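Colleague: The structure's right below; bear with me while I get my questions together.
The values are calculated or read from the model by the stated rules, or taken from the named source; none is laboratory data. Keep in mind that what you see is a predicted model, and the values were worked out from it rather than measured. So basically every Cβ, Gly included, is an ideal-geometry build from the backbone, and we count neighbours across all protein chains shown. The accessibility values were calculated without ligands, DNA or RNA, using every heavy atom of the protein model including side chains. Shrake-Rupley method; radii C 1.70, N 1.55, O 1.52, S 1.80 Å.
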Amino acid sequence: MAAADDQAKSKGNAAFAAGNFTDAVRHFTEAINLSPNNHVLYSNRSAAYASLNKFSEALIDAEKTVELKPDWSKGYSRVGAAYLGLNNYNDAVLAYRKGLKIDPNNEVLKCGLSDAQSGQGRGRGPSSSFGDAFSGPEMWAKLTSDPRTRTYLQQPDFVRMMQDIQKNPNNLNFYMKDQRVMQAFGEEGVKMPGGSPERKRRAESEPVKEEKRAGYKAQPVPQPEPVEVSEEEKELKERKVLALKEKEAGNAAYKKKDFENAVQLYTKAIELDDADISFLTNRAAVFLEMGKYEDCMKDCDKAVERGRELRSDYKMIARALTRKGTALVKMAKISKDYEPAIETFQKALTEHRNPETLKKLNEAEKAKKELEQQEYFDPQVADEEREKGNQFFKEQKYPEAVSRYTESLRRNPKDPRTYSNRAACYTKLGALPEGLKDAEKCIELDPTFAKGYTRKGAVQFFMKEFEKAMETYQAGLKYDPQNQELLDGVRRCVEQMKKASRGDLTPEELKERQAKGMQDPEIQNILTDPVMGQVLGDFQENPKAAQKHMKNPLVMNKIKKLISAGILQVK
C-alpha cells in the first residue's frame, strides 16, 4: 500500500511541477484513497486546487491537513492561502498567525500574513462606482438572464476571468481582447458607469476619482457562486470526507467482530462515495467472515468492474479478486468447484503478484488434487488394475506393468502391495532410484510387510550399498525371521563384505566401491571424525593401541563400514 500511494504522490508532484494541476489533483486523490491519514497528501492537493482557483476545495483539504497534523506549520500556510483566494482576509490573518506560533521564522507564513493584512486594509477603503458594476450577485444575475451571455457561464475560463475582474476591477485591462468579456460589459451586457467608451476608459484609469465624485460608500462584496458545478464539486468533497469517516468506523467495528454494524457502516460509505472501491472490498471481507459468500463475491465483482472504470490501483483490483477466490474456496465441495477459485487467484496474480495470493493459489491446487484422488478412489478397480500389472510382469512386459500398477495406485494409493510390485518392475528396468522410493513407501504404509524390505534391500544391493542392504534385510527379519528372501539377502551381503575385507576385489571393483563410498555422507562423517582419525593412525603406527580400539563396539562398527566401502583394506 505504501509503495502505491508513494507512486501516486510522485505522479502528482510531477504534474504539479509541470503546471498540470488537474492531473495533480487526480493523482493526489488516488494517493489519498490509498492512504487517507497522510496529511502531506491533503496539503499537496490543497495547493493544486488553489492553483486551479478552486479555493473552497483547497480550504477543505487545508483544514483536513491541520486536523491530521496540528503541529505542522505548512498546514496553516495552506489554510491562509485558501482564505486569501476567497477574499476572507480576517480568517487568513488568523491562520497565518497560528502557523507563526509554531514556526516564528517561516518566511512563507510571514509573507502570507503581510498579504492578508494588506487585503484587510483594502477591504476597509472606499470602492469605486466603476467597481460597483462588478460587485454583488447582480452581475451574475444579469449575465444569466441575457441569452447571449448565459452560455458563457458554462465556460470555466470565462467564469474565472469574471471572478478575477470582480475581485479587482483593474484586472479588466488584461481581458480587453476577449470578445466575450467586452460583450458582457458592453451595451448588451452589464452596463458600465458613464455609458460612453471615453467614460469607461476614465473609470478604468481613475477609479478613485470616480469614487469621490459619485460619493459611493463601500459595502461588503459577497463572494458569488455563479457556477453550479462548483457547488456539486464541493458537495462531492464533503461526501468523500463523510464516507471516509464511515469507513473508519466500519474498520473499528470489524476489528471488534461487530460484523452487522460494520456492514451497515461500509454500506453508508458506498452510498456517499462510489468512487472508492476499498469500501466494497472491506464490506466483502465482512461478508466473508459472516459466511455470506455469495454477497462477498458480488461486492468483489462490483469492485473489479468499478475499479477498471476508475482506473484504480492494480493492487486494489488484485485484492478484490483474491477475496472472491477465497469465497469460492470456502464454497467448494468437489474438485471441480476449485477450478473457478484457481482461475480467480491466477487473475489476481496477473494484476499484482502478492505472496499471500500465491499461497492461496497453491493451497487451492493442492486441495483440488486431494479431492480428485478421493473422488477417483475405488479399491475394487485398483485390485483389477494390479492383477493386470501382475500378468504383464509375468510376461516380462515391465513398462506395461508399471502403467497398470500406477493406475491401481491412483485408485487406491494406500495399498503397500502395489508399491512393492511396482518397485520390482523399476528394479528390472534399472530405474533404481524409483524402485527405492516405492519400496520405502511400501514399508511406510505397512512396516510389517516383508516384501517391502526384500524390494528395498534388492535395490540397495544392486546399487552396491551392501552395508545398507544388510541393515534393511535385518530390519525385515525382525517381523518375519524365517523369510527365505530376507535370509538370502543377508547371505549375499555378507559375501560381498567379506570379499572386500579379504581384499579379493578386482582393481576395477575396488575403485568403483571406493568412489561410491566417498559419496556416502555416513562414510564422509567417519573420515572427518577426529577420534576415528586417531584410531586409523594407531592401526598403522601403534598396533597395541589399535587392539584397545577394537574392543569399542562403536569404533568396530565404523571400521566395518569403511572396510565394506573399500576405503579400509585388511591384509
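Colleague: Going by average Cβ density within 10 Å per residue, which order do the peptides 394-405, 478-489 take, highest to lowest? Numbers along the way, then the final one.
Modeller: Values: 394-405: 17.2, 478-489: 14.9.
The packing order, highest mean first, is 394-405, 478-489.
Colleague: Multiply the residue gap between Glu387 and Glu372 by 0.36 nm, knock off their C-alpha separation, and tell me the result in nm, one decimal place. Kindly include the intermediate steps, with their values, before the conclusion.
Modeller: Numbers: separation 15, 0.36 × 15 = 5.40 nm, distance 2.35 nm.
That pair, Glu387 and Glu372, stretches by 3.0 nm at full extension.
Colleague: Let me make sure I get this right: for region 433-492, a, b and c are the square roots of the gyration tensor eigenvalues over alpha carbons, sorted descending. Under 1.5 in a/c it's rounded, otherwise prolate if a/b > b/c, else oblate. Which is it?
Modeller: Details: a/c = 2.04, a/b = 1.03, b/c = 1.98.
Since a/c reaches 1.5 but b/c is at least a/b, the shape of region 433-492 is classed as oblate.
Colleague: Another question, then. What length, rounded to one decimal in nm, is gained on full extension from Asp488 through to Glu260, with 0.36 nm per residue of separation minus their alpha-carbon distance?
Modeller: Length difference between fully extended and current span is 74.8 nm.
Colleague: Next question, about the same structure. Once the Cβ-Cβ distance between Lys234 and Glu365 is put in as r, and R0 is 45 Å, what FRET efficiency do you end up with, to the nearest 0.05?
Modeller: Working: r = 51 Å, r/R0 = 1.13.
Step by step, r from the Cβ atoms, then E = 0.30.
Colleague: Provide the gained length on full extension for the span Asn13 to Asn105, in nm with one decimal, where the gain is 0.36 nm per separating residue minus the Cα-Cα distance.
Modeller: Residue separation times 0.36 nm, minus the Cα-Cα distance, leaves 30.5 nm.
Colleague: Right, another one. For Lys414, Lys9, Lys255, write out the residues from largest to smallest accessible area, computed with a 1.4 angstrom probe and no ligands counted.
Modeller: On the way: Lys414 140, Lys9 60, Lys255 170 Å².
Solvent-accessible surface, decreasing: Lys255, Lys414, Lys9.
Colleague: How far apart, in nanometres, would the label points at Gln380 and Ile334 be if each is projected 7 angstrom from Cα along the Cα-to-Cβ direction?
Modeller: Distance between the two pseudo-spin positions: 2.0 nm.
Colleague: Report Rg/Rh for region 1-109, rounded to two decimals, where Rg is the Cα radius of gyration and Rh the Kirkwood radius. Could the numbers behind the result be given before it?
Modeller: Details: Rg = 13.4 Å, Rh = 13.7 Å.
Taking Rg over the Kirkwood Rh, I get 0.98.
Colleague: Nearest 0.05, what FRET efficiency do Ala275 and Thr528 give at R0 = 41 Å with Cβ-Cβ as r?
Modeller: Working from the Cβ atoms, E equals 0.05.
Colleague: Run the 1.4 Å probe and let me know the accessible area of Glu351, rounded to the nearest 10 Å².
Modeller: Estimated to the nearest 10 Å², Glu351 gives 50 Å².
Colleague: Using alpha carbons only, how many angstrom separate the centre of region 328-343 from the centre of region 387-463?
Modeller: 34
Colleague: Okay, moving on. Beyond a 24 Å Cα-Cα separation, which of these cross-linked pairs lie in this structure: Lys333/Lys388; Lys468/Lys548; Lys240/Lys315; Lys9/Lys101; Lys397/Lys499?
Modeller: Details: Lys333/Lys388 33 Å; Lys468/Lys548 27 Å; Lys240/Lys315 21 Å; Lys9/Lys101 29 Å; Lys397/Lys499 35 Å.
Too far apart for the 24 Å limit: Lys333/Lys388; Lys468/Lys548; Lys9/Lys101; Lys397/Lys499.
Colleague: What does the accessible area of Arg417 come to, in Å² to the nearest 10, when a probe of 1.4 Å is used?
Modeller: Accessible area, nearest 10 Å²: 110 Å².
Colleague: If Asp157, Asp313 are ordered by their accessible area, calculated over protein heavy atoms with a 1.4 Å probe, which sequence runs from highest to lowest?
Modeller: Descending order: Asp157, Asp313.
Colleague: Filter the cross-link list Lys366/Lys414; Lys257/Lys302; Lys302/Lys368; Lys64/Lys177; Lys11/Lys302; Lys255/Lys292 down to pairs whose alpha-carbon distance in this structure exceeds 29 Å.
Modeller: Beyond 29 Å: Lys64/Lys177.
Colleague: I would also like to ask the following. So with the 1.4 Å probe, I'd like the accessible area per residue for region 262-359, rounded to whole Å².
Modeller: Roughly 50 Å² per residue, with all protein chains present.
Colleague: A follow-up question, please. Which order do you get for Thr326, Thr350 if you rank them by accessible area with a 1.4 Å probe, largest at the top?
Modeller: Accessible-area ranking of Thr326, Thr350, largest first: Thr350, Thr326.
Colleague: What Rg and what Dmax come out for region 242-400 when only alpha-carbon atoms are used, in angstroms?
Modeller: So, for region 242-400, Rg and Dmax equal 22.4, 81 Å respectively.
Colleague: Ignoring everything but the protein chains, give the 1.4 Å probe accessible area of Ile334 in square angstrom, nearest 10.
Modeller: Result for Ile334: roughly 80 Å² accessible.
Colleague: A further question on this structure: Kirkwood hydrodynamic radius, computed over distinct alpha-carbon pairs, for region 341-434: how many Å, to one decimal?
Modeller: 15.3
Colleague: Could you list log10 I(q)/I(0) for region 400-502 at q = 0.10, 0.20, 0.22 Å⁻¹, which the Debye formula gives when each Cα is one point scatterer?
Modeller: -0.27, -0.93, -1.07
Colleague: Right, another one. Show me 315-323, 66-74, 352-360 ranked by packing, highest mean number of other Cβ atoms within 10 Å first.
Modeller: Descending packing order for the listed peptides: 315-323, 66-74, 352-360.
Colleague: With r as the distance between the Cβ atoms of Glu356 and Ala252 and R0 = 22 Å, compute the FRET efficiency 1/(1 + (r/R0)^6) and round to 0.05.
Modeller: Here the calculated transfer efficiency is 0.40.
Colleague: Give a residue-ordered list of calculated ³J(HN,Hα) values for region 291-308 (Karplus: 6.51 cos²θ - 1.76 cosθ + 1.60, θ = phi - 60°; whole Hz; x for Gly, Pro).
Modeller: Going residue by residue, I get x, 8, 5, 4, 5, 4, 5, 4, 5, 5, 5, 5, 5, 5, 4, 5, x, 5 Hz, with x marking Gly and Pro.
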